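Report on the following structure.
The values are calculated or read from the model by the stated rules, or taken from the named source; none is laboratory data. This structure is a prediction, so every number in the text was calculated from the model and none was measured. Note: areas computed on protein heavy atoms with side chains; ligands, DNA, RNA excluded. Shrake-Rupley method; radii C 1.70, N 1.55, O 1.52, S 1.80 Å.
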Amino acid sequence: YDALNSDWSLLDNSPCINTGTPDTTWLNLPPLDLAGNPRIYGGRIDMGAYENQVVVGLQPNPLVSADLVFAPNPFNDSFSIHFLPDNKIHRITIRNQAGVTVKKLEQLPISGLLTIDLQDCSPGLYVVIVEYANGQVKVKKMLKI
């Protein structure tokens, strides 16, 4: 067995394809895999040394919400929200544990990475309410330390 010359590519039917995070910013990973391909292909990072370059029809992972990712949690002064263009976001409201609105964001970009700065807020539990243009609402609890 020669590990240095082995093929570490994921098979096209691997459950590790598109099951990682959609943003590698806080993981300190390079933007390219070991073969020089983009690290994110098909919406999410693969859980392997090489990004599978074949779009496959895997069943959705119920443990992963691909359209909205919050990180890090817990956070210090700010956290990021990565969102995809499938559902347009109308408004993001952030409330402290007493229910007081500490930040409200409107006129958001269509897709991408949004950094929420809560540097002036005290440590504690915050509720992030994401309202989509189609009326759907998602709620996420974030802990500031």
Could you list all residues from the range 1-28 that are hydroxyl-bearing (S, T, Y) and either open to solvent by 100 Å² or more (accessible area, probe 1.4 Å) or at pLDDT below 75 (or both)?
Y1, T21, T24, T25
Tally time: how many residues in the range 95-128 are of a type in the set (A, V, I, L, M) and under 16 Å from the mean Cα position of the chain (by Cα)?
5
If we scan the range 70-89, do we find a residue that is among the polar types (S, T, N, Q) and modelled with pLDDT under 75?
yes
When P31 is evaluated against the numbered criteria (1) modelled with pLDDT under 75; (2) open to solvent by 90 Å² or more (accessible area, probe 1.4 Å); (3) over 22 Å from H82 (Cα atoms), which criterion, by number, is the only one it fails?
(3)
Can you tell me which residue is nearest to the chain's Cα centre (by Cα) among those in the range 129-145 that are open to solvent by less than 80 Å² (accessible area, probe 1.4 Å) and not aliphatic (A, V, I, L, M)?
K140
